[in-house]
Amino acid sequence: MTQSSNHSITQSSIRVGLGIDFHRFAEGRPLVIGGVEIPYEKGLLGYSDADVLTHALCDALLGAAGLGDIGAHFPDTDPQYRGISSLKLLARVVAMVRDAGYRPVNVDCVLIAQAPKLVPHFPGMRKALSPILGLPAEGVGLKATTAEGMGALGRGEGISALCTCLIETI
């Protein structure tokens, strides 16, 4: 007995997205991750606030909805995005995802950094991200790891974030 599916990807009620971002450290900038300013001697270099976690999350959501990537919607050549809070970009992304007929179900993210320690800031990150996503705090999975001294991340030159998300049709 052979089974066939009448579902195409556009008819699917659930979709998965993946986003990844990297930012190098820079002097004289605040360190903002997940919408939280973290005390540290350096911040992340970028056109906006360089919130590596929120950028990866935006890409995961956009990808799941088939809407491209963050750079296509918020180019670093547009002066209106210079220094903008990435939480504002996330709110716009969530609105685009909703306009496409979807809503977030959950997100799961990993931050890769030698320093600073990020886990103590997770409650604040969940508090900042969950209302924008329309999710309870437990719907925002956050983890942190190091690169075990390997490569640029292991040398403490920057931070990376990897996020997945699940969205469903509204």
- Task: Find me the longest stretch of the chain that has none of the exposed GluC sites (Glu not before Pro), where exposed means in a DSSP loop (not H, G, I, E or B) with at most 10 other Cβ atoms within 10 Å.
- Result: 42-147
- May I have the count of lysine pairs in the range 14-169 with C-alpha atoms under 19 Å apart, counting pairs 8 or more residues apart or located on different chains? 5
- To the nearest 500 deg cm²/dmol, what mean residue ellipticity at 222 nm is calculated for the chain from DSSP H runs of n ≥ 4 alone, each contributing -39,500 (n - 2.57), summed and divided by the residues? -8000 deg cm²/dmol
- In the chain the cysteines whose Cβ sits 4.7 Å or more from every other Cys Cβ are Cys58, Cys165
- Message: Is there a quick way to get the dipole size of the chain? I mean about its Cα centre, with the Cβ of Lys and Arg at +1 and of Asp and Glu at -1; what is the value in debye to the nearest 20?
- Response: 240
- Between the DSSP loop rule and a limit of at most 16 other Cβ atoms within 10 Å, which trypsin sites (Lys or Arg not before Pro) in the range 16-89 are left? Arg82
- Identify, among Ala161, Pro75, Val36, the residue whose Cα sits farthest towards the positive end of the charge dipole of the chain, taking +1 on the Cβ of Lys and Arg and -1 on the Cβ of Asp and Glu, with the dipole about the Cα centre. Val36
- Task: Give a quick list of trypsin sites (Lys or Arg not before Pro) in the range 108-149 that DSSP marks as loop, anything other than H, G, I, E or B, with at most 16 other Cβ atoms within 10 Å.
- Result: Lys117
- Query: Computed over the Cα atoms of the range 14-169, what is the ratio Rg over Rh, Rh following Kirkwood?
  - Reply: 0.95
- Message: Among DSSP bridges having both ends in the chain, what percentage is antiparallel? Round to the nearest 5.
- Response: 80
- Taking every eigenvalue of the Cα gyration tensor of the range 111-170, multiplying by 5 and rooting it, what semi-axes result, largest first, whole Å? 27, 13, 8
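FYI, it's all coordinate maths here, none of it is from the lab. Since we're looking at a predicted model, the values are computed, not measured. Using ideal geometry, Cβ is built from the backbone for each residue, glycine included, and neighbour counts are taken over all protein chains shown.
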